[in-house]
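Since the structure comes first, as structure tokens, the remarks are kept for the end.
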Amino acid sequence: MTKKMKVRVFLIAASCLLLANLVGGDFAAAAADPDSHLNFGCYNYSDSLDPATNTNASWAGMRFGITECLFKFSKQVVAEPNICDTYSVSDDYKTWTLHIREGVKFSNGNPVTASAVKNCIQRLYDMTDSEKGGTGNSVPRGYLRYDSISADDAAGTVTLVCQKPTSNIPGILAYPYFAIIDISVADSEIVGSGPYRVTDFKPGTSVDLARNVHYWNGEVPYGTITILFINDSSTKAMALQSGDVDLVENITTAIDLENLKADTENYYVSVAAGVRTANSYMNYKGVLENDTLRQAIMLALDKKTMCDVTVGGMYTAGYSVLPSSLAYNYEKLKNPYEFNRQAAIDLLDKAGIVDTDGDGFRELDGKTINLDHVTFTSRNLDEFAEAAYLQLADIGIQTTVNVRDYDTALALLNAGEFDLWTCNTLTVGVGDPQDYLANWYSGNSKSFGFYSSPRYAAAYEQLQVEVNNDRRLELITEMQQILIDDAATIIYGYYNSSMASDVHKVTGADIATIDYYWLTTDIKPVK
């Protein structure tokens, strides 16, 4: 007998609004003030809004209030029903039946049916499958592998049959890769079911949004929004202070952030607890395949000084891939590579990785080591790369800091054209760290530096099918320690996300713990 697990969410306040606007099964979103306008300054994370293009493109669509997923994370990082309002799962956790909320429409008026959902998910997998001619760089298979997906429009259900027992389908389907878009127009525009729709998109410059008149979940606060891409943090802060924008995300220069926090009469700064890790992936297809070289790099980097001084306290230093703020046994982990510059030098000398030509840099296999360190300017990452350049030079390791725009940097990562690749990643993107830990699994790691460990792979494969929480914690702890022992990736520290707003113009501008959600209907004009 199949066990049924059903979850039904009733949003009382929203229901009143929905019922008031329900006409013939259609939802009609009101606007508090049709003429209200918001100027939002943010970093240009992607030149695309298509979830299949790459990770940041999927995030951009959701952050801007354009797209939504079947599920959505609460402030407590619990995946709750959204476009999917109820679901059931089989006893073996392989077959999930998802009911699609009635009356939801895309912003162009097309209905979000079970077939539309199924076709959207299939498109995501096809667009990211090179064997099918797909060119997208998103990696949904790192989150979910399924045997079949089918739709029953009469019942309003999508049935997903997973390849393996999968206990966290709500969390996985809350990840922005799985945003539901109208694929009938996806070749020309990205249309979702969020509170706002795109009216103009100038990649690298701006995005203009307007209220989605078909929005299903209550009042949409703004009639229009202009998103201005501002990549320099100080410029972003000045734009807020000058009144050019009303709202900004992630001021990453410490002095600018402190000034905004201090001026409470004019600005509100919201900060979320750190669940992001800044790390450098290492490319095992190059010189960093050498264990001694990686170990020496770990010993040579003073991450505490980087976090406390170089980036002005914007990060808390650490040594595991999962932040110390999360309940994954950080305090039980052991770090064999505490900062010790002399130990790094001695280790390299003993291994014969020395400078033979007197140019100040060591050679390996007869060639001068020069690490190609690829990064981008978001969240102080280029500052970490510059600090690593200086500290590694102190032990005779040369690096070349290669700062690119995000899309180019991501393409280099996927092509394996780097030695070090530095990024800042949300570690519990599906409500737990399984998807993040998948980046070092040999089945996925070709996109993250080709790390391979039989012990790690075995633990990850167990984690994929394990539903007991205590055992999952044991596996996650073991996997963290394996990565530390193998010197598999450089961990700099853990970042706190933030959002700052003009208190005279904007209210409700709180940064979400899982920062997929920026332009939500909670952010409203001051009346």
Item to check | Selected residue [charged (D, E, K, R), closer than 20 Å to N44 by Cα and open to solvent by 10 Å² or more (accessible area, probe 1.4 Å)] from K236, K202 | outcome: K202
Checklist entry - Taking the range 145-174 as the region of interest, how many residues are in contact with an Asp or Glu (Cβ under 9 Å, 6 or more places away or on another chain), in a loop (DSSP other than H, G, I, E, B) and aliphatic (A, V, I, L, M)? => result 1
Checklist outcome for this item: Restricted to the range 47-61 and to residues being crowded, with 23+ Cβ neighbours inside 10 Å and in contact with an Asp or Glu (Cβ under 7 Å, 6 or more places away or on another chain), the residue farthest from G194 (Cα to Cα) is N54
Item to check | Which numbered condition S280 misses (of (1) under 26 Å from the mean Cα position of the chain (by Cα); (2) without any contact (Cβ under 8 Å) to a residue 60 or more places away in the chain) | outcome: (2)
Checklist entry - Hey, Y441 hits all of (1) open to solvent by 10 Å² or more (accessible area, probe 1.4 Å); (2) among the hydroxyl-bearing types (S, T, Y); (3) at pLDDT below 95 but one; which does it fall short on? => result (3)
Checklist entry - How many residues does the range 112-133 hold that are in contact with a helix residue (DSSP H, G or I) (Cβ under 7 Å, 6 or more places away or on another chain) and at pLDDT 95 or above? => result 5
Next on the checklist: Of the residues D419, D470, D485, only one is acidic (D, E) and under 23 Å from the mean Cα position of the chain (by Cα); which?
Outcome noted: D419
Next on the checklist: Show me the strands (runs of 3 or more DSSP E) found entirely inside the range 57-121 where at least 1 residues are in contact with a Ser or Thr (Cβ under 6 Å, 6 or more places away or on another chain).
Outcome noted: 79-81, 84-89, 95-100
Checklist entry - Of all residues in the range 239-288 being under 26 Å from K524 (Cα atoms) and in a strand (DSSP E or B), which is most open to solvent (accessible area, probe 1.4 Å)? => result Y268
Item to check | Residues being open to solvent by 40 Å² or more (accessible area, probe 1.4 Å) and modelled with pLDDT under 95 - total across the range 144-162 | outcome: 1
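Counting only residues that are outside any loop (DSSP other than H, G, I, E, B) and more than 21 Å from the chain's Cα centre (by Cα), which one in the range 122-138 is nearest to P176 (Cα to Cα)? Reasoning before the result, please.
Looking only at the range 122-138, we keep the residues that are outside any loop (DSSP other than H, G, I, E, B), and these are 122-127, 130-132.
Next, only the ones that are more than 21 Å from the chain's Cα centre (by Cα) stay: 122, 126, 130-132.
Details: Q122: 15, D126: 17, S130: 21, E131: 23, K132: 22 Å.
That would be Q122.
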Item to check | Residue under evaluation R141, criteria (1) open to solvent by 50 Å² or more (accessible area, probe 1.4 Å); (2) closer than 30 Å to T199 by Cα; (3) not in a strand (DSSP E or B), criterion not met | outcome: (2)
Checklist entry - Quick check: is even one residue across the range 451-461 modelled with pLDDT under 95 and farther than 22 Å from D291 by Cα? => result yes
Next on the checklist: So for the range 305-316 (the condition being in a strand (DSSP E or B) and more than 30 Å from E417 (Cβ to Cβ)), does at least one residue qualify?
Outcome noted: yes
Checklist outcome for this item: Of the residues in the range 417-426, those that are surrounded by fewer than 22 Cβ atoms within 10 Å (Cβ to Cβ) and at pLDDT 95 or above come to E417
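Name every residue in the range 334-385 that is of a type in the set (G, A, S) and in contact with a Gly (Cβ under 9 Å, 6 or more places away or on another chain), in order of residue number.
Within the range 334-385, just G360 meets the criteria.
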Next on the checklist: I need the full set of residues from the range 332-351 which are in a helix (DSSP H, G or I) and either at pLDDT below 95 or among the small types (G, A, S) (or both), in order please.
Outcome noted: A343, A344
Next on the checklist: Could you list, ordered by first residue, the pairs with Cβ atoms under 6 Å in which the first is in the range 37-48 and modelled with pLDDT under 95 and in a loop (DSSP other than H, G, I, E, B) and the second is open to solvent by less than 20 Å² (accessible area, probe 1.4 Å) and charged (D, E, K, R), at least 6 apart or interchain?
Outcome noted: none
Checklist entry - Of these, I183, I225, I172, which one is β-branched (V, I, T), surrounded by 21 or more Cβ atoms within 10 Å (Cβ to Cβ) and under 22 Å from L70 (Cβ atoms)? => result I172
Next on the checklist: Looking at the range 318-328 only, could you name the residues that are open to solvent by 30 Å² or more (accessible area, probe 1.4 Å) and at pLDDT below 95?
Outcome noted: S324, S325, L326, A327, Y328
Checklist entry - How many residues are in contact with a Lys or Arg (Cβ under 8 Å, 6 or more places away or on another chain) and open to solvent by 10 Å² or more (accessible area, probe 1.4 Å) if we restrict to the range 348-375? => result 3
Checklist outcome for this item: Among helices (runs of 4 or more DSSP H) entirely inside the range 416-527, those with 2 or more residues being β-branched (V, I, T) are 469-485
Item to check | Residues located in the range 460-506, provided they are under 27 Å from P176 (Cα atoms), surrounded by fewer than 17 Cβ atoms within 10 Å (Cβ to Cβ) and of a type outside the set (D, E, K, R) | outcome: Q462, V465, V467, N468, N469, L473
Checklist entry - Of the numbered conditions (1) open to solvent by less than 10 Å² (accessible area, probe 1.4 Å); (2) hydrophobic (A, V, I, L, M, F, W, C); (3) in a helix (DSSP H, G or I); (4) over 22 Å from D232 (Cβ atoms), A409 satisfies every one except a single condition; which is it? => result (4)
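The values are calculated or read from the model by the stated rules, or taken from the named source; none is laboratory data. Small disclaimer: the values here were computed from a predicted structure and weren't measured. Reconstructed Cβ throughout: ideal geometry from the backbone, glycine too, with neighbour counts over all protein chains shown. Just so you know, the surface numbers come from the protein's heavy atoms only, side chains and all, with ligands and any DNA or RNA stripped out. Shrake-Rupley method; radii C 1.70, N 1.55, O 1.52, S 1.80 Å.
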